[in-house]
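K.L.:
Can you read through this structure? Questions will come right after.
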Amino acid sequence: MSDPAERPDEERPGFELRKLSRISPREYLIRFAFGAVVSAVAAIVTLAFGPRLGGLFLAFPAILPATLTLLEKKEGLPQAASDIRGATIGSIGMLGFAILAAALLARNAGLGLAAALAGWMIVSFALYSALRLLAAAVGERQYLPEIPTVEAEPVIAALRGREATLALAESCTGGTIAALLTNVPGAGEVIRGGFVTWTDEAKARCLGIDPAIIAEHGAVSPEVAREMALGARRALGADIGMAITGVEGRPNDGRPPGLTYICVTGADGRNWVHRHSHDHGAGRNRERDVRMALRHLHQTLTSMEQRHDRPG
Amino acid sequence: MHPFLLVMIKALLGGTAVVAFAALGELLRPRGLAGIFAAAPSVALASLAVTSAVTGSSSAAAQAVGMIAGAAGLVVASLLGIESVKRLGALRGSLAAVTVWLLVGASLGALFLR
């Protein structure tokens, strides 16, 4: 894992031409259809009820298509939340656009629209920069993810429901998953403990992983995630072991930022490894990792319950 | 111009503008900037341009007044959307935000746009 102090300023604004292809033709099509439908609705309402009421629809929330296209992706939720943060700034910019357009359009249509567009850009980017400066001033760059404890509650409930104990081994999340889980009332009955194995050496010493496995596959690999989960479960004598290893900041050992492996292992030795690879930026990768770990843990626990409940 | 043709032209240009702004947003990093472009006044830009050209700029200005109410609703909807998407998931969270937008926009519209 990379040293947190070395974490680069990954979110420096700029252009990345290669990102253009990240939107699939299908997503562009959905966006086009959305824009066309909203425009048509605004036009029809204008014809039927007048331009003022029709104008209302010109500010239709554009959040919807962005999140809808993300629904198909497993990692959609943190991504969508991140987009909406930006959208909030954009919406204040849109308010600036509307005010300028209302004031200037009657005088000169072309110049009025250009001024309104410039107003939107200035307001949005000024707000964006101000928020970034504020975040930097309060040290938000190194922030921990804002994840409500309520998301950890189903995991604790599922563990208690089947009287199972859990052992954790965290690398890239630095104990955040353990912090969230232990904050839930009743966690003491089911959480055995956890390891924060940041370095390869810690993984070997605390979890008993053969250094040769780490050397062969790399610390961020399905093999090491599996060994970490098995090692934590073995060391603490728990029923369930869960481990996470990933790259949050700069590329590590040839692995790209955003690559994460999560492993859940059961009492019967069976294990499930999940891979995530989308890069959300240094701060947001951890949020995604923690959410996904909690989700996979809960899914595995509930599927186990179902197996137990099945007659015969 | 025939009303149907006007609606079709606005739909075509509105869709094109949304795609253009989305593509522009994807070129930018970090993600927050892409979000700003996702909330760009792309539909408004296209519609107001067509309205100005076809119906006249006073009609476009009236639409922009209505848009002020809608944009104010959008600010509220986006602020609530951050939490609603986190708590309810992408689909239900967005739908909740859109409902809020509709309620706030319609309320403001009813109060000020009569």
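K.L.:
Evaluate the following for B:LEU111: is it surrounded by fewer than 24 Cβ atoms within 10 Å (Cβ to Cβ), more than 7 Å from chain A (Cβ to nearest Cβ) and at pLDDT 75 or above?
P.N.:
Working: surrounded by fewer than 24 Cβ atoms within 10 Å (Cβ to Cβ): yes; more than 7 Å from chain A (Cβ to nearest Cβ): yes; at pLDDT 75 or above: yes.
Against the criterion (surrounded by fewer than 24 Cβ atoms within 10 Å (Cβ to Cβ), more than 7 Å from chain A (Cβ to nearest Cβ) and at pLDDT 75 or above), B:LEU111 qualifies.
K.L.:
Ok, one more. Residues in the range B:37-58 that are more than 12 Å from the chain's Cα centre (by Cα), at the interface with another protein chain (Cβ under 7 Å from one of its Cβ atoms) and over 17 Å from A:LEU111 (Cβ atoms): how many?
P.N.:
Counting residues in the range B:37-58 that are more than 12 Å from the chain's Cα centre (by Cα), at the interface with another protein chain (Cβ under 7 Å from one of its Cβ atoms) and over 17 Å from A:LEU111 (Cβ atoms) gives 0.
K.L.:
While we're looking at this one, here's another question. Aromatic (Phe, Trp, Tyr) and buried (at least 17 other Cβ atoms within 10 Å of the Cβ): which single residue out of B:PHE21, B:PHE4 fits that description? Quick ask: steps written out before the conclusion?
P.N.:
Numbers: B:PHE4 fails: buried (at least 17 other Cβ atoms within 10 Å of the Cβ).
Unique residue meeting the criteria: B:PHE21.
K.L.:
To continue, here is another question. Could you tell me whether A:ALA178 is over 26 Å from A:ILE156 (Cβ atoms) and hydrophobic (A, V, I, L, M, F, W, C)? Working first, answer last.
P.N.:
Values: over 26 Å from A:ILE156 (Cβ atoms): no; hydrophobic (A, V, I, L, M, F, W, C): yes.
Considered against the rule, which asks whether it is over 26 Å from A:ILE156 (Cβ atoms) and hydrophobic (A, V, I, L, M, F, W, C), A:ALA178 comes out as no.
K.L.:
Which condition number does B:ALA40 fail, the rest of (1) modelled with pLDDT of 85 or more; (2) part of a loop (DSSP other than H, G, I, E, B) being met?
P.N.:
Exception for B:ALA40: condition (1).
K.L.:
Further question: With A:GLU146, A:GLU189, A:GLU170 as the choices, which residue is surrounded by fewer than 15 Cβ atoms within 10 Å (Cβ to Cβ) and at pLDDT 90 or above?
P.N.:
Working: A:GLU146 fails: at pLDDT 90 or above; A:GLU170 fails: surrounded by fewer than 15 Cβ atoms within 10 Å (Cβ to Cβ).
It is A:GLU189.
K.L.:
Does B:VAL100 meet the test of being in a helix (DSSP H, G or I), under 25 Å from A:LEU104 (Cβ atoms), without any contact (Cβ under 8 Å) to a residue 40 or more places away in the chain and not polar (S, T, N, Q)? Full working, then the answer.
P.N.:
Numbers: in a helix (DSSP H, G or I): yes; under 25 Å from A:LEU104 (Cβ atoms): no; without any contact (Cβ under 8 Å) to a residue 40 or more places away in the chain: yes; not polar (S, T, N, Q): yes.
In short, no.
K.L.:
Conditions first: (1) more than 7 Å from chain B (Cβ to nearest Cβ); (2) surrounded by fewer than 21 Cβ atoms within 10 Å (Cβ to Cβ); (3) at pLDDT 65 or above. A:LEU117 passes all but one, so which condition is the exception?
P.N.:
Single failed check for A:LEU117: (1).
K.L.:
If you don't mind, there's one more thing I want to ask. Filtering the range A:25-36 down to residues that are facing another protein chain (nearest Cβ under 7 Å) and among the hydrophobic types (A, V, I, L, M, F, W, C), which residue is farthest from the chain's Cα centre (by Cα)? Before you say what the answer is, go through the steps one by one.
P.N.:
Of all residues in the range A:25-36, those facing another protein chain (nearest Cβ under 7 Å) come to A:28, A:31-36.
Imposing the further condition that a residue be among the hydrophobic types (A, V, I, L, M, F, W, C) reduces the set to A:32-34, A:36.
On the way: A:PHE32: 26, A:ALA33: 27, A:PHE34: 25, A:ALA36: 30 Å.
Among them, the one singled out is A:ALA36.
K.L.:
Can you run down the residue pairs with Cβ atoms below 9 Å, 6 or more apart or on separate chains, where the first is in the range A:37-59 and more than 7 Å from chain B (Cβ to nearest Cβ) and the partner is surrounded by fewer than 24 Cβ atoms within 10 Å (Cβ to Cβ) and of a type in the set (A, V, I, L, M, F, W, C)?
P.N.:
A:VAL45/A:LEU53; A:GLY50/B:LEU113
K.L.:
In the range A:214-233, how many residues are more than 25 Å from the chain's Cα centre (by Cα) and over 19 Å from A:ILE177 (Cα atoms)?
P.N.:
Residues meeting the conditions: 4.
K.L.:
If you don't mind, there's one more thing I want to ask. Restricting to the range A:271-292, count the residues that are touching a residue at least 24 places away in the same chain (Cβ under 8 Å) and either closer than 18 Å to A:GLU223 by Cβ or in a strand (DSSP E or B) (or both).
P.N.:
If we filter the range A:271-292 for residues that are touching a residue at least 24 places away in the same chain (Cβ under 8 Å), which is where we start, we get A:271-273, A:275-276, A:278, A:280-292.
Okay, now just the ones that are also either closer than 18 Å to A:GLU223 by Cβ or in a strand (DSSP E or B) (or both), so A:271-273, A:275-276.
Count: 5.
K.L.:
Please enumerate the residues belonging to the range B:74-93 that are within 7 Å of chain A (Cβ to nearest Cβ) and in contact (Cβ under 8 Å) with a residue 24 or more places away in the chain.
P.N.:
B:LEU74, B:ALA77, B:SER78 - these are the residues of the range B:74-93 that are within 7 Å of chain A (Cβ to nearest Cβ) and in contact (Cβ under 8 Å) with a residue 24 or more places away in the chain.
K.L.:
Under the condition of being small (Gly, Ala, Ser) and within 14 Å of B:LEU5 (Cα to Cα), which residue from the range A:29-41 is surrounded by the fewest Cβ atoms within 10 Å (Cβ to Cβ)?
P.N.:
Pass one, the range A:29-41, residues small (Gly, Ala, Ser): A:33, A:35-36, A:39-40.
Cutting the leftovers down to within 14 Å of B:LEU5 (Cα to Cα) gives us A:36, A:39-40.
Working: A:ALA36: 23, A:SER39: 31, A:ALA40: 20.
Result: A:ALA40.
K.L.:
Inspect all residues belonging to the range A:258-270 and state whether any of them is modelled with pLDDT of 80 or more, in a helix (DSSP H, G or I) and in contact with an Asp or Glu (Cβ under 9 Å, 6 or more places away or on another chain).
P.N.:
No, that holds for no residue.
K.L.:
If A:GLY188 meets every condition in (1) part of a helix (DSSP H, G or I); (2) closer than 20 Å to A:ARG284 by Cβ apart from one, which number is that one?
P.N.:
A:GLY188 satisfies every listed condition except (2).
The values are calculated or read from the model by the stated rules, or taken from the named source; none is laboratory data. Nothing here was measured: the structure is a model prediction, and the numbers come from that model. Neighbour counts are summed over all protein chains in view; Cβ atoms, including those assigned to glycine, are modelled from backbone coordinates with ideal geometry.
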